[in-house]
1. At least 2 residues that are hydroxyl-bearing (S, T, Y) and touching a residue at least 24 places away in the same chain (Cβ under 8 Å) in each: list the strands (runs of 3 or more DSSP E) lying fully within segment A:199-307 that qualify.
2. When you go through (1) open to solvent by 10 Å² or more (accessible area, probe 1.4 Å); (2) within 19 Å of the chain's Cα centre (by Cα); (3) of a type outside the set (A, V, I, L, M, F, W, C); (4) closer than 28 Å to A:E3 by Cα one by one for B:P241, which number turns out not to apply?
3. Name the one entry in B:R53, B:R12 that is basic (K, R) and over 25 Å from the mean Cα position of the chain (by Cα).
4. Please state which one of A:I242, A:I293 is at pLDDT 95 or above and under 26 Å from A:E175 (Cβ atoms).
5. Please pick out the residue among B:S71, B:S41 that is at the interface with chain A (Cβ under 9 Å from one of its Cβ atoms) and either in a helix (DSSP H, G or I) or surrounded by fewer than 24 Cβ atoms within 10 Å (Cβ to Cβ) (or both).
6. Being under 21 Å from B:T44 (Cβ atoms), in contact with an Asp or Glu (Cβ under 8 Å, 6 or more places away or on another chain) and of a type outside the set (A, V, I, L, M, F, W, C) is true for just one of A:D97, A:D72, A:D92. Which residue is that?
7. Hey, can you tell me all the residues within segment B:258-290 that are hydrophobic (A, V, I, L, M, F, W, C) and either over 19 Å from the mean Cα position of the chain (by Cα) or over 30 Å from B:L169 (Cα atoms) (or both)?
8. Among the candidates A:D221, A:D213, single out the residue that is modelled with pLDDT of 95 or more and either of a type in the set (F, W, Y) or under 25 Å from A:A188 (Cβ atoms) (or both).
2 protein chains.
Amino acid sequence: MGELELIAGIERLLRRRSDRVMRSLGEDAAVVRARPVAVTSLDTVVERVHFERATHSPRDIGHKALATSLSDLAAMGADPGEAYIGLGIPEDVSEDDALEIMSGAEALAEGADTTIAGGDVVGSPTLFVTATVVGWAESEEALVTRDGAQPGDLVGVSGELGGAGAGLLLLRGLEAELPERDHEALLARHRRPAPRLRLGRGLAGAGAAAMIDLSDGIASDAAHLADRSGVGLEIDADLLPIASGVAAAAAAAQRNPLELAAASGDDYELLFTIEPERREAAARAGRDAGVQITFIGRVIEGECLSLVSRGRPLAIRGYTHLEPA
Amino acid sequence: MGELELIAGIERLLRRRSDRVMRSLGEDAAVVRARPVAVTSLDTVVERVHFERATHSPRDIGHKALATSLSDLAAMGADPGEAYIGLGIPEDVSEDDALEIMSGAEALAEGADTTIAGGDVVGSPTLFVTATVVGWAESEEALVTRDGAQPGDLVGVSGELGGAGAGLLLLRGLEAELPERDHEALLARHRRPAPRLRLGRGLAGAGAAAMIDLSDGIASDAAHLADRSGVGLEIDADLLPIASGVAAAAAAAQRNPLELAAASGDDYELLFTIEPERREAAARAGRDAGVQITFIGRVIEGECLSLVSRGRPLAIRGYTHLEPA
């Protein structure tokens with residue numbers, strides 16, 4: 001693979017989506033006219049850790065790398081801006097496949113109003129993709145952090161949970177009795193997560209007090225939010241919006257569907273807290289973004305995350321795994 | 001290795017160096033008060049491609065990853081700002097060694113007035129480090145790009161060349177008759193390159209017309225600059241400032257020292273062009289930064305990079321390797 005030819009090919013397939021991007025490819029660094037506040041996150045996906053070439057197309061890989069980073073911008077309520085993609089390419093990955101990885105990222109970038117403005121390509125024994133994303137806001141106050149939750153707030157979650165975890169089981173060969181539509185949807189949940197950028201901005205505008213994206217599962221991520229805010233969270237596990245097909249996949253895997261919904265990762269939905277009087281504003285933000293919002297619990301004093309199912313508390317402290325009743 | 005414990009350890013060793021950094025670790029994304037223009041670059045170093053664990057300490061690896069990115073900011077004349085570090089950590093790398101990698105990056109960040117404001121840690125079969133750096137400027141005009149070279153400009157280069165290439169030969173076991181001091185200096189050139197941030201800003205202020213950092217060697221990088229500027233460059237190879245010890249290392253390796261000076265990478269010096277009447281301002285920028293400046297040629301019409309040695313032209317077009325006379 002000729003590195004310079006590949007870089008030239010990548011430059012041809014990328015589009016500039018903002019006139020704030022003054023210089024991008026072909027320079028030592030990209031030059032971007034800034035807005036008042038920059039919001040930056042870096043995420044990496046690695047072969048055999050986050051994806052397998054046998055089950056993920058090159059486009060899936062590029063999509064996933066960028067989606068995981070953009071989801072962090074969504075969780076802050078930032079406007080998307082630029083992305084910088086680093087590719088580590090083994091010798092047995094063709095130039096065409098490397099370009100397909102970038103095409104997957106570029107297709108997501110297009111829908112997310114993001115310009116891929118730079119990056120690099122290096123040889124590597126292991127395939128990996130790093131995506132650094134930069135979003136923007138007019139002020140710090142326009143953003144939502146993890147530490148603003150207050151006792152009395154409602155806890156809400158977007159979309160449906162457990163789909164990515166069930167999709168991963170299916171990708172790994174689980175045989176489950178599922179309608180074809182559910183099967184495909186679960187696979188897509190794992191392969192092509194959708195960063196909730198529009199919803200994140202809407203929830204920020206609606207006055208969300210704290211927010212985090214669900215990359216590791218609600219059991220871990222809600223604990224992070226509780227920890228950073230210095231509060232407790234009481235979540236009714238029976239209210240978790242479980243994706244269609246998750247129950248059947250869980251049954252086939254002899255696992256509790258709640259475990260998939262609460263303790264499997266990669267759903268990239270948003271978990272947030274908000275004052276009860278702003279509940280309708282949050283629901284409206286969901287409708288505007290075309291994403292369902294479900295209220296699943298409330299913020300309490302303390303520092304414990306508790307998930308309750310059928311009235312029985314499942315106390316989880318810190319980052320330990322969910323142990324279903 | 002516990003990923004969350006490692007992240008907590010990393011958070012403990014990092015320092016915030018600017019009150020523009022409002023949120024950094026512990027959030028989904030870092031939040032930084034912007035200046036008018038953002039300058040962003042991403043670089044990755046990979047085990048067995050850019051370094052070997054047998055010859056590079058963890059601190060060397062962290063230093064090198066960040067240095068290669070910061071060098072891109074130097075080449076634009078940008079003020080350094082923040083860095084975001086992604087670590088891909090194999091199972092046989094201890095938590096202590098992972099922290100040492102970050103300590104190497106943090107030590108360089110301290111000297112470079114840079115705040116490491118975020119990043120991630122992932123498992124990976126191959127050790128790699130990605131560094132995204134964000135620098136800042138007051139306006140686009142304050143920056144120097146690759147495309148501003150004009151016929152008649154002088155071509156200058158900072159520091160000394162060939163040291164990193166010779167250092168790599170020594171790391172790989174070359175036995176050369178060298179004073180101990182030269183030997184150590186050449187190894188350090190390869191392991192701990194120094195991004196020329198202060199010099200880059202000084203040259204921008206002095207009115208440099210075009211600039212690039214020498215990551216691949218002058219034969220490749222000067223060709224990039226010529227290509228982007230639509231000009232030719234005529235460089236007198238006999239004027240290249242060759243680092244002490246390179247001649248002896250080249251002799252031991254039965255190679256031409258000019259080849260190490262012009263066609264081996266990782267020196268991370270700056271190559272720039274500037275109008276002849278600004279020559280003294282460039283020299284002054286060098287003195288202010290404590291880095292030697294050498295004028296090695298001039299910009300001409302055309303699109304060819306030619307290196308001349310002892311009056312004999314060595315025409316090099318594009319990215320082909322230097323073929324010494």
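The values are calculated or read from the model by the stated rules, or taken from the named source; none is laboratory data. Just so you know, these numbers come straight off a predicted model, no measurement behind them. When we count neighbours, we look across all protein chains shown, and the Cβ atoms used for this are built from the backbone with ideal geometry, even at glycine. All accessible areas refer to the heavy atoms of the entire protein, side chains included, with ligands and DNA or RNA removed. Shrake-Rupley method; radii C 1.70, N 1.55, O 1.52, S 1.80 Å.
1. Ranges flagged: none.
2. In the conditions (1) open to solvent by 10 Å² or more (accessible area, probe 1.4 Å); (2) within 19 Å of the chain's Cα centre (by Cα); (3) of a type outside the set (A, V, I, L, M, F, W, C); (4) closer than 28 Å to A:E3 by Cα, B:P241 misses (4) alone.
3. B:R12
4. The unique qualifying residue is A:I242.
5. Values: B:S41 fails: either in a helix (DSSP H, G or I) or surrounded by fewer than 24 Cβ atoms within 10 Å (Cβ to Cβ) (or both).
After applying the criteria, what remains is B:S71.
6. A:D72 is the lone residue from the list that is under 21 Å from B:T44 (Cβ atoms), in contact with an Asp or Glu (Cβ under 8 Å, 6 or more places away or on another chain) and of a type outside the set (A, V, I, L, M, F, W, C).
7. B:L258, B:I274, B:A281, B:A282, B:A283, B:A285
8. A:D213
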